[in-house]
Amino acid sequence: MTPPVFIFVGHSNAGKTTFVEKLIPELTRRGRRVATIKHAHHKVELDTEGKDSWRYKRAGAAMSMLVTTSALQLVADAAERREPSQLAGRFLGEADVVLAEGFSHAEGPKIEVLRRASGKPPRCAVGDGLIAIVTDCDEVYPELPHFALDDAAGVADFLLRRTP
């Protein structure tokens, strides 16, 4: 079963990660298992050269999982563009809700984090799946719900009303 996915978008340094970091404990206090997906625009090494899982991938494995007594890590090929909902359905089925960061061009409900101090316009439009704004700007998309930059509890309430 695919958990509901909410995509947090915004310009660089808008506070997306900081806000999601505040939202996670708010949702977990309410009994939800939260998973996250972060889109990186730059190359990041996910495995350590020379280690067994790296050697398996280099040998041609499509996926390699490292499992310890307290955690696991999966490294998989991502040849085509992956959407948050596809990733959630494939890998995060045990979660109750998935918070994705980035993915501004993906399909799905989006919440934009926008700071007045950035001087930038919104990254997404209402027609792009935008459902709410976390901001200190009152004049941006007044038809959408607005939440303060520190209102993780309000956003948690909003998201939980939209999930089964």
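Every number in this text was worked out from the coordinates using simple rules, so none of it is lab data. Model, not experiment: these values are computed from the prediction. Because the Cβ atoms are built from the backbone with ideal geometry, glycine has one as well, and the counts that use them run over all protein chains shown.
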Averaging over every viewing direction, what projected area does the convex hull of the Cα atoms of the chain cover, in nm²?
11.0 nm²
Straight-distance crosslink candidates among lysines, where the alpha carbon sits under 25 Å from LYS57 and sequence neighbours closer than 8 are dropped
LYS38, LYS43
For segment 73-142, what is the charge dipole size about the Cα centre, in debye to the nearest 20, if Lys and Arg each add +1 at the Cβ and Asp and Glu each add -1 at the Cβ?
220 debye
Placed amide H near VAL134: partners under 5 Å, 5+ positions off or other chain:
GLU112, VAL113, LEU114, PHE147
Based on the mean of other Cβ atoms within 10 Å per residue, sort peptides 121-130, 105-114 so the most packed one is first.
105-114, 121-130
Three principal axis extents, largest first, for the C-alpha atoms of segment 79-164, in Å?
38, 29, 21
Tell me, what HN-Hα J-couplings in whole Hz come from the Karplus equation 6.51 cos²θ - 1.76 cosθ + 1.60 at θ = phi - 60° for each residue of segment 91-105, using x for Gly and Pro?
10, 10, x, 7, 7, 8, 8, 10, 10, 9, 10, x, 6, 4, 9
The aspartates and glutamates whose Cα lies under 20 Å from the Cα of LYS51, excluding any fewer than 8 residues away in the same chain, are ASP77
What aspartates and glutamates does LYS16 reach when the alpha-carbon gap must be under 19 Å and sequence neighbours fewer than 8 apart in one chain are set aside?
GLU26, GLU83, GLU101, GLU107, GLU112, ASP128, ASP136, ASP138, ASP150, ASP151, ASP157
For segment 57-114, whose charge dipole is built from +1 on Lys and Arg Cβ atoms and -1 on Asp and Glu Cβ atoms, the candidate among SER70, PRO84, HIS105 with its Cα farthest towards the positive end is SER70
Under a point-charge model restricted to the Cβ atoms of Lys and Arg (+1) and Asp and Glu (-1), what is the dipole moment magnitude of the chain relative to its Cα centre, in debye to the nearest 20?
380 debye
